[in-house]
Amino acid sequence: MLPHKQIELRLQAAVRTVLPESDVSVVLVRPCPDTKFGDYQSNALMSLAKTRKLNPRQLATNVLAKLDVSEWCEKVEIAGAGFLNFRLLPAALAGALQAAARGEHLFFDKAAQPRTIVVDFSSPNVAKPMHVGHIRSTGIGDALQRVLRLLGHLVITDNHIGDWGTQFGKLLLGWKQILDRPALERDAVAELERLYKVINAECDANPARLEEAKRELVKLQAGDEENLHIWREMVKLSQIQFDTIYGRLGVKFDHALGESFYNPWLGEIVADLLKRGIARESEGAVGVFSDGSLPPREDPFLVNRDGEWVADPALVRKSDGGFNYMTTDLATVDYRLKTWSPHEIVYVVDDRQSPHFRKLFLTFARWQPDAAKGVKLVHVGFGKILGDDGKPFKTRSGDTVKLGDLLDEAEERAFKIVSEKSSDLPEAQRREIARVVGLGAVKYADLLPNRQSDYVFSWDKMLALNGNTAPYLQYAYARIRSIFRKAEGTSNIQHPTSNIQLAATEELALAKHLLNFGLTLEAVAEEYRPNFLCNFLYELAGRFTSFYENCPVLKADATTRASRLELCNLTARVLRQGLETLGLETVEQM
Ligand code: ARG
């Protein structure tokens, strides 16, 4: 067990002795925000004191009297209004690193109580090309599911593909009347997109055409064999395109239960909502309206129009009898709960859908209050990708940027850079480095900002070898590996060593940072924020650089050399594990 965890358990025991009735699960030990004051800190005593009207410093003193952490820490200090500051003993630090060197851990513990978590991410729509925006849900979702799995949770990933809906009326009409077979064979999704655009424009101009498209949709929904056959073909062709992109991105799903999967249940669900008085008819459609339980400002079933609050229902059935995105999502929550009994369902979807998810979660809670109590439903939202002009990122001609093209360009640009820097490497190797670096750069640039902020897409910034970028971190990894290649060339290294000694300031700083890997992963999991891990790795690479500049490794005497090599090795392992958890690959040489 890691030192901070041991300290935390001792602290919780001490609190329990002083305040036997208290809930000690809130007593946590976290990295000290300012290392001047210590390595770890606990601020829990202040809130415990407050709710009990005790003097916080007095409580801290009483707890300290019962706390023995001398195996790991110097004398514990009470600071400010009642913080406890802990400073690790170098021996405890070295001990934790030695355990890692022996393979006992890599600075994180598996969750004591694993949770079952469904992660709904990526979820593109059939018959449309995946575009640059899909990198967001796909990358953030994949990083989160990797972090959760690493921490020992039972994760179920599900790609909620948009494979059902009104667009298929137009697509079917287009397929039957204007399909260009050779074009379909060349680039299926582009041809499907063309069909949709042409028919859609015709429908806008001509109501009779729209009626025709609707008839195709009704036939599909009624199970018409021919239409079902064409629809399956369209889904299959799109899936091939999705799979190509997922293959390149290294993203896999446990399930890809598209919207169509839930079709059989939609009618019953609407009937049930009506029967329970949760939904009602309005202008021929069926919707769920505000129940007045929230103040208007917080009520997603209301919108403010010209200073007045008016109804903004969650529609579950259209006036033509078709069902809505909401209906499918209600069926999906129900199915997931019945099938996997998750503790949590996480939706990694664009922030623009936040009203949808607020309505969904509230409607589900009204529909199945008991089931809703047992599950945490979370919308993990994110902002937009912008171009230099501050507007949504587009190609020069103003089209949406296709994800496949973007990934090609990333590899191409990385290849140029790699070829300039390492012209001596054979081309195949340069291509492989460019693939890893190019794709890594795009993914990392998307994970690094706070997910809710919009960010400006910049090739130069994401591919820079300096700064908080994928190439910088991948290079840091490759550089450490090169130390080992050199070491093997010189003399016998004692490796692995269990004798780690930490003396220099930079060694201590690096070691302490390694110890925070697990806490960082836990913070990512708790707030669904992969950027915490990005920043941790960036700082790790920085601390490694200071260490390497100030502490000779290969030229040091045998004992120091072995100890420092192990520090290099642990840094490389954490860098690699961290990057892999973000969905980035590494190479041994760059
Ligand atoms: N296909 C949807 C879209 O492109 C995203 C689906 C997200 N997942 C969900 N369960 N609603 O907007």
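Per-structure values
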| read-out | value |
| --- | --- |
| Any pair with Cβ under 8 angstrom, 6 or more apart, that starts in region 517-542 at a residue that is without any contact (Cβ under 8 Å) to a residue 12 or more places away in the chain and ends at one that is in a helix (DSSP H, G or I) and crowded, with 17+ Cβ neighbours inside 10 Å | Ala523/Phe532 |
| Residue satisfying all of: in region 166-191; in contact (Cβ under 8 Å) with a residue 40 or more places away in the chain and surrounded by fewer than 18 Cβ atoms within 10 Å (Cβ to Cβ); farthest from the chain's Cα centre (by Cα) among these | Lys176 |
| Of all residues making up region 152-175, the number that are closer than 17 Å to Ile345 by Cβ and away from the ligand (no atom under 11 Å from the Cβ) | 5 |
| Test result for Asp163, within 34 Å of the chain's Cα centre (by Cα) and among the charged types (D, E, K, R) | yes |
| Among (1) within 25 Å of the chain's Cα centre (by Cα); (2) among the hydroxyl-bearing types (Ser, Thr, Tyr); (3) surrounded by fewer than 17 Cβ atoms within 10 Å (Cβ to Cβ) - the single one Thr328 does not satisfy | (3) |
| Helices (runs of 4 or more DSSP H) within region 480-590 that include 2 or more residues hydroxyl-bearing (Ser, Thr, Tyr) and under 34 Å from the mean Cα position of the chain (by Cα) | 531-550, 558-581 |
| Some residue of region 269-283 being in contact (Cβ under 8 Å) with a residue 24 or more places away in the chain, within 16 Å of the ligand (Cβ to nearest atom) and assigned to a strand (DSSP E or B) | no |
| Filtered residues of region 160-199 (kept if in contact with a helix residue (DSSP H, G or I) (Cβ under 8 Å, 6 or more places away or on another chain) and assigned to a loop (DSSP other than H, G, I, E, B)) | His160, Ile161, Asp163, Trp164, Gly165, Thr166, Leu179, Asp180 |
| Out of Asp320, Asp351, sole residue that is within 16 Å of the ligand (Cβ to nearest atom), of a type in the set (Asp, Glu) and surrounded by fewer than 20 Cβ atoms within 10 Å (Cβ to Cβ) | Asp351 |
| So Tyr335, is it among the aromatic types (Phe, Trp, Tyr), more than 22 Å from the chain's Cα centre (by Cα) and within 14 Å of the ligand (Cβ to nearest atom) | yes |
| Exclusive hit being of a type outside the set (D, E, K, R), within 16 Å of the ligand (Cβ to nearest atom) and either touching a Pro at 6+ places or on another chain (Cβ under 9 Å) or without any contact (Cβ under 8 Å) to a residue 12 or more places away in the chain (or both), set Ser260, Ser238 | Ser238 |
| Filter result for the condition that a residue is in contact with a Lys or Arg (Cβ under 7 Å, 6 or more places away or on another chain), away from the ligand (no atom under 15 Å from the Cβ) and among the hydrophobic types (A, V, I, L, M, F, W, C), over Val310, Val286, Val303 | Val286 |
| Unmet criterion (only one of (1) within 12 Å of the ligand (Cβ to nearest atom); (2) assigned to a helix (DSSP H, G or I); (3) within 21 Å of the chain's Cα centre (by Cα); (4) crowded, with 16+ Cβ neighbours inside 10 Å) for Arg358 | (1) |
| When residues of region 121-151 are limited to those that are at pLDDT 95 or above, part of a loop (DSSP other than H, G, I, E, B) and under 16 Å from the mean Cα position of the chain (by Cα), the one nearest to the ligand (Cβ to nearest atom) | Ser123 |
| Scope region 458-479; condition within 21 Å of the chain's Cα centre (by Cα) and of a type in the set (A, V, I, L, M); matching residues | Met462, Ala470, Leu473 |
| Enumeration of residues in region 96-113 that are more than 24 Å from Ala44 (Cα to Cα) and either in contact (Cβ under 8 Å) with a residue 40 or more places away in the chain or assigned to a loop (DSSP other than H, G, I, E, B) (or both) | Ala96, Leu97, Gln98, Ala100, Ala101, Arg102, Gly103, Glu104, His105, Leu106 |
| Candidate set from region 106-139 (those that are out of contact with any Lys or Arg (no Cβ under 6 Å at 6 or more places or on another chain) and among the β-branched types (Val, Ile, Thr)); member that is surrounded by the fewest Cβ atoms within 10 Å (Cβ to Cβ) | Thr116 |
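The values are calculated or read from the model by the stated rules, or taken from the named source; none is laboratory data. Nothing here was measured: the structure is a model prediction, and the numbers come from that model. Neighbour counts run over all protein chains shown; Cβ positions are idealised from the backbone, glycine included.
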